1. What is the percent carbon and sulfur in the accessible area of the chain, measuring with a 1.4 Å probe over the protein chains and ignoring ligands?
2. Could you pull the accessible area for residue 69 with a 1.4 Å probe, rounded to 10 Å²?
3. Using the heavy atoms of the protein chains and a 1.4 angstrom probe, tell me the accessible area per residue for the chain in square angstrom.
4. Give me the percent of DSSP beta bridges within the chain that run antiparallel, rounded to the nearest 5.
5. Accessible area of residue 9, 1.4 Å probe, to the nearest 10 Å²?
6. For log10 I(q)/I(0) by the Debye sum over Cα atoms at q = 0.11, 0.14, 0.23 Å⁻¹, pick the label among (1) -0.26, -0.42, -1.05; (2) -0.23, -0.38, -1.01; (3) -0.30, -0.47, -1.05 that corresponds to the value derived from the coordinates.
7. Considering the chain, which cysteines have no disulfide-compatible partner, defined as another cysteine with its Cβ under 4.7 Å away?
8. In sequence order, what are the phi-derived ³J(HN,Hα) couplings for segment 30-46 according to the Karplus relation 6.51 cos²θ - 1.76 cosθ + 1.60 with θ = phi - 60°, rounded to whole Hz, with x for glycine and proline?
Amino acid sequence: MSQRHVLDCHRLLCPLPVIRVQDRVAQLAPGDELEAVCTDSGALSDIPAWCRLNGHQVLETRENDGEYVVVLRVGGDPA
C-alpha cells in the first residue's frame with residue numbers, strides 16, 4: 001500500500017530542494033507519494049525536470065503565498 005510523505009524544503013535554494021527530494025525518494029517504495037514544500041520558486045521547474053529524467057510522475061504543482069509545492073509519485077512497480 002502506497003504512502004504519502006511530506007518533505008520540508010523551506011529556505012533551501014537551488015539545487016538543495018532537488019537534492020533533498022532525490023535523497024528522500026531513495027528511501028521510499030515505488031508508488032509512494034512525496035509532497036515537497038519549498039520556498040524557492042525554481043522548484044516548480046527543477047523537481048519536475050528531475051522526475052522526468054528519473055522515471056517519477058509529477059501529480060501536482062502549485063503555488064500559494066510564497067510556498068511552492070510539487071507532489072510526485074515514486075516510479076517503478078508498486079510493491
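The values are calculated or read from the model by the stated rules, or taken from the named source; none is laboratory data. Not measured: the values here are computed from a predicted model. Here the Cβ positions follow ideal geometry from the backbone for every residue, glycine too, while neighbour counts run over all protein chains shown. Heavy atoms of the whole protein, side chains included, go into the accessibility calculation; ligands, DNA and RNA do not. Shrake-Rupley method; radii C 1.70, N 1.55, O 1.52, S 1.80 Å.
1. On the way: 2260 of 4680 Å².
C and S atoms contribute 48 percent here.
2. Taking all protein chains as shown, residue 69 has close to 10 Å².
3. 59 Å²
4. Working: 13 of 19 bridges.
The antiparallel fraction comes to roughly 70 percent.
5. Using a 1.4 Å probe on the heavy atoms, I get roughly 0 Å².
6. (2)
7. Unpaired cysteines in the chain: 14, 51.
8. For segment 30-46, the Karplus curve yields x, x, 5, 10, 10, 9, 9, 10, 10, 10, 9, 4, x, 4, 5, 10, 5 Hz.
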